[in-house]
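The values are calculated or read from the model by the stated rules, or taken from the named source; none is laboratory data. Everything numeric in this text was worked out from a predicted model, so none of it was measured. For neighbour counting, all protein chains shown are included, and Cβ atoms are generated from backbone atoms with ideal geometry for every residue, glycine included. Just so you know, the surface numbers come from the protein's heavy atoms only, side chains and all, with ligands and any DNA or RNA stripped out. Shrake-Rupley method; radii C 1.70, N 1.55, O 1.52, S 1.80 Å.
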Amino acid sequence: QTGEINTGFFRGGGSVKVLDLAGPSGPRVRTLLELSKGIARDPEVSFDGWRIVLSIRRDIRDDYHVHEMDADGGNLRQLTFAPRVSDIQPVYMPSGRIVFSSTREPKYIPCQRHLMCNLFVMEADGANIRQLGHNTQFEGRSSVMADGRILYTRWEYVDKHFAPAYGLWTANPDGTNHALFYGGYGWQPSAIVDARMIPGTQRCVCV
């Protein structure tokens, strides 16, 4: 984010695109959003398929803020506005609220020089932002489980080597009962991120 050690490395020029596999003339790519000086990241589609929530940094002088747009790329609207803060990785919750990761409680990880995020939640319009997690390292890359819990990657060093420091954790939507899901002491498969539950099972697919 602005003022942070990596700011000078920012390079804008990003977009959000849709790969349409069922086009009448075969697969085609459509552009929903073009940012000549900015970056769009972390797009997440709403449960009804009509909206997309994402994080946008419009240029090197801006920070990442949560935005929402219609599924066709129209009606882009900004939901978070805090300066010198990175709001990233938003995810729709079944309640209609949005969980996201943010540097609103700034902290540095011991082996790095950039700011870490915690989990936060807000109303669909960006109101009533509340912190869900207070880990000293990173919390994020969230998804929603079938029972409504948040499944997320937690970076922490308690009794761990650096390689498996990224484990999968769960939390209730109100921020209670943060608990290990998998990988707290597993040497392999090392870091675990971007987990999604496989419907109808207790298994997840992840990177």
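Could you look through segment 91-129, keep only residues that are acidic (Asp, Glu) and closer than 16 Å to residue 68 by Cβ, and pick out the one that is surrounded by the most Cβ atoms within 10 Å (Cβ to Cβ)? That would be 123.
Among residues of segment 8-33 that are touching a residue at least 24 places away in the same chain (Cβ under 8 Å) and more than 20 Å from residue 70 (Cα to Cα), those with a beta-carbon under 8 Å from a residue that is of a type outside the set (A, V, I, L, M, F, W, C) and surrounded by fewer than 11 Cβ atoms within 10 Å (Cβ to Cβ) at least six positions away or on a different chain give the pairs 12/36; 13/36.
Could you tell me whether residue 133 is in a loop (DSSP other than H, G, I, E, B), at negative phi, buried (at least 16 other Cβ atoms within 10 Å of the Cβ) and in contact (Cβ under 8 Å) with a residue 40 or more places away in the chain? The answer is yes for residue 133. Taken over segment 106-125, residues that are outside any strand (DSSP E or B) and more than 15 Å from the chain's Cα centre (by Cα) amount to 11.
Between 164, 199, 173, the distinction of being open to solvent by less than 70 Å² (accessible area, probe 1.4 Å), modelled with pLDDT of 90 or more and assigned to a loop (DSSP other than H, G, I, E, B) belongs to 173 only. From (1) under 14 Å from residue 101 (Cβ atoms); (2) modelled with pLDDT of 95 or more, pick out the condition that doesn't hold for residue 127. Checking residue 127 against (1) under 14 Å from residue 101 (Cβ atoms); (2) modelled with pLDDT of 95 or more, the one that fails is (1). The test for being open to solvent by 30 Å² or more (accessible area, probe 1.4 Å) and assigned to a strand (DSSP E or B) holds for residue 141. Of the residues making up segment 41-90, those that are open to solvent by 30 Å² or more (accessible area, probe 1.4 Å) and either of a type in the set (S, T, N, Q) or touching a Cys at 6+ places or on another chain (Cβ under 8 Å) (or both) are 75, 78.
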